[in-house]
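The values are calculated or read from the model by the stated rules, or taken from the named source; none is laboratory data. What you see is a predicted model; the values in this text were computed from it and never measured. Here Cβ is always computed from backbone atoms with ideal geometry, including for glycine, and neighbour counts include all displayed protein chains.
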Amino acid sequence: MHRCHVRVVLTATLGLGLAFPGPAHATCSSTACFLSTLTQEGPLPRKGFRLDLSYRYVDQSRKREGSSSTDEVLTPGVEFDHGELELNHHRELRTGFQLLQADLSYGLTSRVSLLASVPLVGAKRHEHVILEGDDEEFSDGDGTTGFGDVQVGARYAFLASPRDMFVATAAVKLPTGAHERLDTGGAITEPTLQPGTGSTDLSAGFTYSHQVQPRRTELFVSAGYRHNGTSALDYGIGNQAQGAAGLTRRLGGA
């Protein structure tokens with residue numbers, strides 16, 4: 001018998017601060033996590049299918065310098081025509097990021113699952129003050145709305161027992177989202193405000209979990225690495241590595 005799971009998940013993250021050591025510099029709407037796909041929860045049974053539909057909201061309005069508040073956060077601008085960075089191009093005020101995403105997985109075998117993450121609609125609204133010498137110009141029209149970059153991959157369960165799980169995942173992110181949207185001045189807007197990156201990226205990671213108390217308490221550790229490519233604009237962000245460990249506890253009934 002085929003199994004089908006459909007879930008709707010509402011995620012809201014409010015009041016996120018930007019924490020940077022030293023001078024307060026920032027990158028607009030840079031909170032996305034490349035391992036934050038809801039389908040990475042474990043192996044599916046053969047021919048099992050799962051669809052996770054999530055809405056995410058991130059409000060970046062708190063200005064931070066390290067762990068402290070600050071009155072000013074400066075961001076460089078990217079001059080694509082000349083391939084240059086303009087330091088202290090504008091002063092950050094606020095960035096709001098909303099995303100409707102579908103995460104799908106299909107059990108090819110009892111150990112192998114196919115994955116896809118589809119950013120259906122992403123909307124980024126951005127407010128900043130452009131600094132040009134002694135002149136300042138407010139702008140709130142440089143955000144974008146559109147379809148994002150699709151990620152596809154596969155997950156293999158090396159260990160899947162009632163108490164322990166060890167799975168590894170490999171994926172490729174495709175440049176399906178627009179990355180050349182224009183700002184209010186007619187120039188290509190900031191890369192982190194675009195719906196997509198314009199690059200093909202490769203990622204891999206693993207997750208291990210242990211049921212300390214079955215269906216109640218679980219220990220987990222995970223790590224991942226992404227190699228980011230370069231877009232046709234000859235622009236690319238650095239590679240990313242991340243890890244996490246923690247304890248989850250189920251509250252209420254089984």
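Which condition number does A204 fail, the rest of (1) surrounded by 18 or more Cβ atoms within 10 Å (Cβ to Cβ); (2) under 19 Å from the mean Cα position of the chain (by Cα) being met?
With (1) surrounded by 18 or more Cβ atoms within 10 Å (Cβ to Cβ); (2) under 19 Å from the mean Cα position of the chain (by Cα) applied to A204, the lone miss is (1).
Restricting attention to region 103-144, which residues are β-branched (V, I, T) and outside any strand (DSSP E or B)? Full working, then the answer.
If we filter region 103-144 for residues that are β-branched (V, I, T), which is where we start, we get 109, 112, 118, 121, 129-130, 144.
Hit for region 103-144 is T109, nothing else.
Taking into account only those residues within region 209-254 that are hydroxyl-bearing (S, T, Y) and part of a strand (DSSP E or B), which is modelled with the highest pLDDT?
Restricting attention to region 209-254, the residues satisfying the condition of being hydroxyl-bearing (S, T, Y) are 209, 217, 222, 225, 230-231, 235, 248.
Pick out the ones that are also part of a strand (DSSP E or B) and you get 209, 217, 222, 225, 248.
Numbers: S209: 90, T217: 89, S222: 91, Y225: 96, T248: 87.
My answer is Y225.
I'm checking my understanding of the structure. Among residues of region 152-175 that are assigned to a strand (DSSP E or B) and among the basic types (K, R), which one is farthest from A102 (Cα to Cα)?
Of the residues in region 152-175, the ones assigned to a strand (DSSP E or B) are 152-160, 164-173.
This time we only want the ones that are among the basic types (K, R), so: 155, 173.
Working: R155: 17, K173: 15 Å.
The extreme case among them is R155.
Can you say whether A178 is in contact (Cβ under 8 Å) with a residue 12 or more places away in the chain, in a strand (DSSP E or B), among the small types (G, A, S) and out of contact with any Cys (no Cβ under 9 Å at 6 or more places or on another chain), as far as the supplied structure shows?
On the way: in contact (Cβ under 8 Å) with a residue 12 or more places away in the chain: yes; in a strand (DSSP E or B): no; among the small types (G, A, S): yes; out of contact with any Cys (no Cβ under 9 Å at 6 or more places or on another chain): yes.
Here the answer is no, as A178 does not meet what is asked.
Which pairs do you get when a residue that is within 17 Å of T192 (Cα to Cα) and modelled with pLDDT of 80 or more, found in region 62-90, comes within reach of a residue that is part of a loop (DSSP other than H, G, I, E, B) and not hydrophobic (A, V, I, L, M, F, W, C), reach meaning Cβ atoms under 6 angstrom, with the pair 6+ apart or on two chains?
Filtered contacts from region 62-90: V73/K63.
Among the residues of region 181-196, are any of a type in the set (K, R) and closer than 20 Å to R226 by Cα? First the steps, then the outcome.
First, pick out the residues of region 181-196 that are of a type in the set (K, R): 181.
Checking which are closer than 20 Å to R226 by Cα leaves us with none.
Checked against the condition, which is being of a type in the set (K, R) and closer than 20 Å to R226 by Cα, region 181-196 yields no hits at all.
Charged (D, E, K, R) and in a loop (DSSP other than H, G, I, E, B), is that true of D149? First the steps, then the outcome.
Working: charged (D, E, K, R): yes; in a loop (DSSP other than H, G, I, E, B): yes.
Here the answer is yes, as D149 does meet what is asked.
Are any residues in region 130-170 over 14 Å from T207 (Cα atoms), surrounded by 14 or more Cβ atoms within 10 Å (Cβ to Cβ) and over 22 Å from the mean Cα position of the chain (by Cα), and if so, which ones?
I130, L131, S139
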